[in-house]
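Working notes for the structure below.
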Amino acid sequence: MTKFELPALKYSFDALEPYIDKQTMEIHYGKHHQTYIDKLNAALEGKDEWQNRSLEELLSNLESLPEEIQTAVRNNGGGHLNHTLFWEIIAPEKEAAAPSGKLADAINEAFGNISTFEQQFTDAATTRFGSGWAWLVVNQKGQLEVTSTPNQDNPIMDGKTAILCLDVWEHAYYLKYQNRRPEYIESFFNIINWDVVAAKYEQAIK
Ligand code: MN
C-alpha cells in the first residue's frame with residue numbers, strides 16, 4: 001500500500017523567525033502534522049479499495065468511504081492536506097514577494113485591491129471560532145473567494161480549490177503569541193510565498 005508521508009520542508013525550522021518561531025515549527029511539523037499522517041495511514045490500513053487514492057479524491061468523496069473511517073479520513077486526511085499546503089505557501093521573508101501576473105489581476109477583480117483582500121482574509125481568520133483555517137480559494141465558477149473552515153475541513157469538500165491558507169489552531173501560534181491570534185495573522189502576511197500561490201492559481205483555473 002501507499003503510505004502517506006511527511007513532505008520535506010524547503011526551509012529550516014528557524015527560517016520563518018520572527019513571525020513563526022523555531023519551536024512552534026518543530027512541534028507543529030514534526031509532531032502535529034506527523035500525527036495526522038500516522039492516524040490517516042492507520043485508518044486506511046486494510047482498506048484496499050481506498051489505499052491508493054489521492055487525498056483530494058478521498059476528501060471529495062467522504063460519503064462513499066466506509067462509514068467507520070469517514071471521520072478519521074476527514075480529520076486526519078484533511079489535517080495532512082491542509083498542513084502540506086500551509087508549509088508550501090509560506091517562505092522566509094526575503095523570499096516572499098507580492099502577488100503578480102494573473103493572480104494579481106484576479107485579486108483586484110475579486111476584492112478591488114490587495115489590501116481589501118488582506119482585510120477579508122484577516123476577518124475570516126480572526127472570526128473563525130475555535131480551531132480551523134482561513135483560505136483563499138478558487139470556486140466552481142473559477143473566481144477567487146475568501147472563506148474559512150472548522151477543524152481540519154478543506155474547501156475541496158465544497159468543490160473549491162485552496163491556493164492559500166492559514167492555520168488558526170492554537171497549536172499554530174500559542175507558544176509565541178499566546179491568546180494574540182490577530183498578531184499572528186498580521187505576521188503571516190510577511191511570509192506568504194506568492195510565487196507558489198500564483199502557480200497554484202494558474203493550475204486551478206486550467
Ligand atoms: Mn496545525
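The values are calculated or read from the model by the stated rules, or taken from the named source; none is laboratory data. Please read these numbers as outputs of a predicted model, since none were measured by experiment. Quick reminder, even Gly has a Cβ in these numbers, built from the backbone with ideal geometry, and neighbours come from all protein chains shown. Accessible surface areas use protein heavy atoms only, side chains included; no ligands, DNA or RNA. Shrake-Rupley method; radii C 1.70, N 1.55, O 1.52, S 1.80 Å.
Could you check the range 184-201 and list, in sequence order, the residues that are over 15 Å from the mean Cα position of the chain (by Cα) and open to solvent by less than 10 Å² (accessible area, probe 1.4 Å)?
Result: Y184, single match.
Would you tally the residues in the range 121-139 being free of Cβ contacts under 8 Å to residues at least 24 places away in the same chain and either in a loop (DSSP other than H, G, I, E, B) or at positive phi (or both)? So that I can check it myself, show each step before the final result.
Our first condition is that a residue be free of Cβ contacts under 8 Å to residues at least 24 places away in the same chain; within the range 121-139, this holds for 123, 127, 129-130, 139.
Of the ones still in play, those that are also either in a loop (DSSP other than H, G, I, E, B) or at positive phi (or both) are 129-130, 139.
Summing the residues that are free of Cβ contacts under 8 Å to residues at least 24 places away in the same chain and either in a loop (DSSP other than H, G, I, E, B) or at positive phi (or both) in the range 121-139 gives 3.
Kindly indicate which of E63, E88, E26 is among the charged types (D, E, K, R) and away from the ligand (no atom under 16 Å from the Cβ). Steps first, answer last, please.
On the way: E88 fails: away from the ligand (no atom under 16 Å from the Cβ); E26 fails: away from the ligand (no atom under 16 Å from the Cβ).
Of E63, E88, E26, the one residue that is among the charged types (D, E, K, R) and away from the ligand (no atom under 16 Å from the Cβ) is E63.
Can S60 be described as farther than 30 Å from E45 by Cα, open to solvent by 50 Å² or more (accessible area, probe 1.4 Å) and either at pLDDT 95 or above or not β-branched (V, I, T) (or both)? Explain how you work it out, then say what you get.
On the way: farther than 30 Å from E45 by Cα: no; open to solvent by 50 Å² or more (accessible area, probe 1.4 Å): yes; either at pLDDT 95 or above or not β-branched (V, I, T) (or both): yes.
So S60 fails the test.
Determine the pairs where a residue that is more than 13 Å from F129 (Cα to Cα), located within the range 164-183, has a partner that is open to solvent by 10 Å² or more (accessible area, probe 1.4 Å) and within 10 Å of the ligand (Cβ to nearest atom) with Cβ atoms under 7 Å apart, the partner being 6 or more residues away or on another chain.
Short answer, once both residue conditions are applied: H171/H32.
Which of the residues belonging to the range 86-115 are crowded, with 19+ Cβ neighbours inside 10 Å and free of Cβ contacts under 8 Å to residues at least 12 places away in the same chain?
Passing the criteria: none in range.
With the condition kept exactly as written, say whether any residue in the range 33-49 is of a type in the set (F, W, Y), in contact with an Asp or Glu (Cβ under 6 Å, 6 or more places away or on another chain) and within 16 Å of the ligand (Cβ to nearest atom). Break it down stepwise before answering.
Pass one, the range 33-49, residues of a type in the set (F, W, Y): 36.
Okay, now just the ones that are also in contact with an Asp or Glu (Cβ under 6 Å, 6 or more places away or on another chain), so none.
No, because not a single residue in the range 33-49 is of a type in the set (F, W, Y), in contact with an Asp or Glu (Cβ under 6 Å, 6 or more places away or on another chain) and within 16 Å of the ligand (Cβ to nearest atom).
Here's a check for you: in the range 132-168, which residue that is aliphatic (A, V, I, L, M) and open to solvent by 10 Å² or more (accessible area, probe 1.4 Å) is nearest to the chain's Cα centre (by Cα)? Reasoning before the result, please.
Step one: filter the range 132-168 for residues aliphatic (A, V, I, L, M), giving 134, 136-138, 144, 146, 156-157, 162-164, 166, 168.
Applying the additional criterion that residues be open to solvent by 10 Å² or more (accessible area, probe 1.4 Å) yields 144, 146, 156-157, 162.
Numbers: L144: 16, V146: 13, I156: 11, M157: 13, A162: 7 Å.
Result: A162.
Among the numbered conditions (1) more than 16 Å from the ligand (Cβ to nearest atom); (2) assigned to a helix (DSSP H, G or I); (3) surrounded by fewer than 18 Cβ atoms within 10 Å (Cβ to Cβ); (4) not hydrophobic (A, V, I, L, M, F, W, C), tell me where E118 comes up short.
Just one mismatch for E118, condition (3).
Just to be sure before I move on: is P18 under 18 Å from D167 (Cα atoms), out of contact with any Phe, Trp or Tyr (no Cβ under 6 Å at 6 or more places or on another chain) and surrounded by fewer than 20 Cβ atoms within 10 Å (Cβ to Cβ) in the structure I sent? Walk me through how you get there before you give the answer.
Details: under 18 Å from D167 (Cα atoms): yes; out of contact with any Phe, Trp or Tyr (no Cβ under 6 Å at 6 or more places or on another chain): yes; surrounded by fewer than 20 Cβ atoms within 10 Å (Cβ to Cβ): yes.
Yes: the conditions hold for P18.
Which residue, of E170, E186, is within 15 Å of the ligand (Cβ to nearest atom), of a type outside the set (F, W, Y) and modelled with pLDDT of 95 or more? If you could, list the steps in order and put the result at the bottom.
Details: E186 fails: within 15 Å of the ligand (Cβ to nearest atom).
Of E170, E186, the one residue that is within 15 Å of the ligand (Cβ to nearest atom), of a type outside the set (F, W, Y) and modelled with pLDDT of 95 or more is E170.
Residue-wise test of (1) more than 17 Å from V168 (Cα to Cα); (2) touching a Ser or Thr at 6+ places or on another chain (Cβ under 7 Å); (3) not assigned by TED's automatic domain parsing to the domain that holds A162.
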| position | (1), (2), (3) |
| --- | --- |
| N41 | yes, no, yes |
| E45 | yes, no, yes |
| G77 | yes, no, yes |
| N82 | no, no, yes |
| D105 | yes, no, no |
| N113 | yes, no, no |
